[in-house]
Amino acid sequence: MAFSNDYVMKEPTRAEIDALNTPTVLEFGTAWCGYCQTAQPFIAEAFADYPQISHIKVEDGRGRPLGRSFGVKLWPMLVFLKNGREVTRLVRPQGVAEIGAAMRQI
């Protein structure tokens with residue numbers, strides 16, 4: 001599963017995320033967030049070069065346990081995971097190069 005335009009219907013648990021064994025990017029945000037909308041073309045373009053990296057788009061907000069477990073405060077926030085462990089993160093990414101550099105780390 002590479003880039004996804006849609007937020008997952010059911011938020012994964014932290015245990016499910018920690019058990020991942022493939023390179024994965026968690027994207028936290030909301031459909032109505034202007035910063036999230038602005039970042040979407042950058043994120044999609046970066047994923048075009050990395051089809052082997054999974055993308056889980058999680059709608060975040062008050063009371064959402066997964067976002068709280070990662071300390072999400074601003075959207076969009078991208079968490080880059082290797083074998084279920086965070087390698088790096090980007091908050092409000094500004095371009096494809098920045099996202100691509102983070103993807104190369106996983």
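Quick notes on this structure:
- All positions within the range 67-105 that are surrounded by fewer than 20 Cβ atoms within 10 Å (Cβ to Cβ) and either farther than 20 Å from Gln40 by Cα or in contact with an Asp or Glu (Cβ under 6 Å, 6 or more places away or on another chain) (or both): Arg68, Ser69, Phe70, Gly71, Lys82, Asn83, Gly84, Arg85, Glu86, Val87, Val96, Gln105
- Filter pass, Leu74 being of a type outside the set (Gly, Ala, Ser) and assigned to a strand (DSSP E or B): no
- Residue match in the range 87-98 (condition: part of a helix (DSSP H, G or I), of a type in the set (A, V, I, L, M, F, W, C) and at pLDDT 95 or above): yes
- Residue check, Tyr50 out of contact with any helix residue (DSSP H, G or I) (no Cβ under 9 Å at 6 or more places or on another chain) and either surrounded by 16 or more Cβ atoms within 10 Å (Cβ to Cβ) or more than 14 Å from Lys82 (Cα to Cα) (or both): no
- Scanning the range 11-43 for residues that are over 19 Å from Leu74 (Cβ atoms), within 12 Å of the chain's Cα centre (by Cα) and outside any helix (DSSP H, G or I) yields a count of 2.
- Test for Met103: is it at pLDDT below 95 and hydrophobic (A, V, I, L, M, F, W, C): no
- Neighbours by Cβ (under 8 Å, 6+ apart or cross-chain): first from the range 31-46, in contact (Cβ under 8 Å) with a residue 24 or more places away in the chain and surrounded by 15 or more Cβ atoms within 10 Å (Cβ to Cβ); second small (Gly, Ala, Ser) and part of a loop (DSSP other than H, G, I, E, B): Phe42/Gly95
- Every condition in (1) touching a residue at least 12 places away in the same chain (Cβ under 8 Å); (2) assigned to a loop (DSSP other than H, G, I, E, B); (3) among the basic types (Lys, Arg) is met by Arg62 except one, and the failing one is (1).
The values are calculated or read from the model by the stated rules, or taken from the named source; none is laboratory data. Model, not experiment: these values are computed from the prediction. Backbone-built Cβ (ideal geometry, glycine too); neighbour counts: all protein chains shown.
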